[in-house]
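Enquirer: Take a look at this one; I'll ask things after.
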Amino acid sequence: MSYKEKVISLEQALAMIQSDMNVVTGLGAGEAQLIMNNIHTIADRVKNVTITNCLSMASGEFLKEEYVDAFNIDGWFFSPPLRRAFKNGNVSFIPNHLHLAGWKRLDHVKPDIFVGTASMPDEHGFISLSTSNTYESQMIENAGIVILEINPNYPRTFGDVEIHYSDIDYFIEADYKVPSLPDTVPNEKDLKIGAYIADLIHDGDTLQLGIGGIPNAVASALKGKKDLGIHTEMMTSGMVELIECGAVTGKKKTLHKGKHVATFALGNQKLYDFINNNPSVMILNGKYVNDPAVIGLNDNMVSINTALEVDLTGQVCSESIGHIQFSGTGGQSDTAVGAQNAKNGRSFIALYSTAMVKNPVTGEREEKSKIVPFLKPGAIVTLSRNDVDMVVTEYGIAHLRGTNVRERIERLIAIAHPDFRDEILKEAHELGLIFDK
C-alpha cells in the first residue's frame, strides 16, 4: 500500500473515534493539532472517550464543560488548560516518572487509537516522529490504529524516531506551524540563581536543563564554558544558543559523545530549524533517555530543576500547591537521581525564596517563604529528601548531600529570605524539628 493510499481526511480520522475508546496523542509539539482542535465536533455522537495527553498545545475546546459526557482527559502533566478544566470532573492526573510513563500506562490500558505528528517521508519512505519520542513509539507499537498528521513544517530528526510509512495505518496531510513556546526573559532573581549554579558547572560537564526564567538564566551564564554536553529530557531554545556560541560541543561526553541527546524538543522556531536534518541531535525514547541508570553513565552529569516549595528536611514539592495538582513530576526525579548516580554528578533544585500568595481570609496577596518548616498539607513530594543534593535560591546554595536534619535546617534557613529566617527557625523549634543543646 503506497503512502498516498494511506492519506485520509480529518473527517475520516474523526469518524474512527467511537464511544468508550482510549485515544493517546503525542507530547507538546508532537500532539496531533488538527484532530485535537476538532475532536469536540464529534461530541454529539460519542460518550466516554478517554484522551491521554502530556503538555497539550491544542486550543482545549474539547475541555469545555459542555463536553464532559463525551470526553475524559487523563494527563501525564497538568498544563494550564487541564488545571482550569479539572473542576468539571472529567480531568484526572496520571502520577508518573517520565521514563516509566509510557510502559506503565500500557500495563494499565492499551490505546485504541494513537494520534501524533511526523515529518514528511524521505526518498526511502521513512518519516520521523520529529519533536518527541517520550512515549510515542511505545504507543504506536501498541495502538489498534495509528494516525499521524504529516507536516512539511515539522523538522526531520534522528535517533530512534525514524519509522517507515508502511508501519503507520493512516496519514493526514497538514500544514500548520510547529507549536512553539515564547522565550522567557530572566529577571533579577533568575540571574542571581543562574550565576550561583553556573559557578559550580565546569568545562566538560553534561547538562540537563528545563525551561523558564531560571534555566534560561543558567544557560546564559554558561556561554563562557567549554566542551559542555547535553543529555536532557527537553531540548530547549537556550541549548541551541549554547551550541552556536561554542560552549556546548559534546566532545567530553562519556555517553553518545558529540551528540546532543533529548527525548523531546519544545521551544522557538530557531530550535526547530536547528534540529532539522541535524545528525548531531538525537531524539531518543524517553524510557532510555530518562532512565536514572542511563543518565548516570554520563560522567560529570549536572541536573537543574525548579520547585514550588522545599521543607527544612529537604523534601521537594514541584508539582502541587498543597493538595491541588499544578503540573507533574515529569523527569525531575529521573534526572536528579540520575545525575547523582554519575561520576562527579550534581543535582540542583532551584526556586525563588518567596512567592506572593492569596490570604484565604482577607483575599489580599502577601509574601510567603518557599523554604518552609513543612510542606503545605497534602503537598506532593516530587523529590524525596533522600534524593536532594543542592537547593538554590537568590540568597545562595544549600549543600544537603550527606547532611543530617539539623544541618539541613541551618543551611536551608540560610538561603531563605532574610525577613523570614527567624520565623522559620522559631517554628522549627516549636514543631520539634530541632532542639537546642
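The values are calculated or read from the model by the stated rules, or taken from the named source; none is laboratory data. All of these numbers come straight from a predicted model, not from anything done at the bench. Note that we place each Cβ from the backbone using ideal geometry, even for glycine, and neighbour counts take in every protein chain shown. Ligands, DNA and RNA are stripped out before the accessible areas are found, and what is left, the full protein with its side chains, is counted by its heavy atoms. Shrake-Rupley method; radii C 1.70, N 1.55, O 1.52, S 1.80 Å.
Enquirer: Can you tell me how many residues within the stretch 47-99 are polar (S, T, N, Q) and more than 15 Å from the chain's Cα centre (by Cα)?
Expert: 8
Enquirer: Could you pull out the residue among 341, 277, 305 that is polar (S, T, N, Q), crowded, with 23+ Cβ neighbours inside 10 Å and either modelled with pLDDT of 95 or more or farther than 20 Å from residue 212 by Cβ (or both)?
Expert: None of the other options fit; the residue is 305.
Enquirer: When residue 366 is evaluated against the numbered criteria (1) within 27 Å of residue 138 (Cβ to Cβ); (2) outside any loop (DSSP other than H, G, I, E, B), which criterion, by number, is the only one it fails?
Expert: Failed condition: (1).
Enquirer: Those residues that are more than 18 Å from residue 154 (Cα to Cα), open to solvent by less than 50 Å² (accessible area, probe 1.4 Å) and outside any loop (DSSP other than H, G, I, E, B), I need them from the stretch 165-212; list them, please.
Expert: Selection gives 190, 193, 194, 195, 197, 198, 206, 207, 208.
Enquirer: Got at least one residue in the stretch 224-236 being open to solvent by 10 Å² or more (accessible area, probe 1.4 Å), polar (S, T, N, Q) and out of contact with any strand residue (DSSP E or B) (no Cβ under 7 Å at 6 or more places or on another chain)?
Expert: No - not one qualifying residue is present in the stretch 224-236.
Residue by residue, here is whether (1) at positive phi; (2) small (Gly, Ala, Ser); (3) outside any loop (DSSP other than H, G, I, E, B); (4) in contact with a Gly (Cβ under 8 Å, 6 or more places away or on another chain) holds:
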position	(1), (2), (3), (4)
374	no, no, no, no
402	yes, yes, no, no
422	no, no, yes, no
426	no, no, yes, no
435	no, no, no, no
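Enquirer: What single numbered condition from (1) buried (at least 22 other Cβ atoms within 10 Å of the Cβ); (2) within 29 Å of residue 333 (Cβ to Cβ) fails to hold for residue 71?
Expert: Looking at each condition in turn, residue 71 falls short on (2).
Enquirer: Which numbered condition in (1) open to solvent by less than 20 Å² (accessible area, probe 1.4 Å); (2) among the hydroxyl-bearing types (Ser, Thr, Tyr); (3) outside any loop (DSSP other than H, G, I, E, B) is the only one that residue 327 fails?
Expert: (3)
Enquirer: Still on this structure: Quick one: residue 50 ticks every box in (1) at pLDDT 95 or above; (2) over 16 Å from residue 139 (Cβ atoms) bar one, so which box is it?
Expert: (2)
Enquirer: Kindly establish whether residue 266 is open to solvent by less than 30 Å² (accessible area, probe 1.4 Å) and under 19 Å from residue 26 (Cα atoms).
Expert: Yes: the conditions hold for residue 266.
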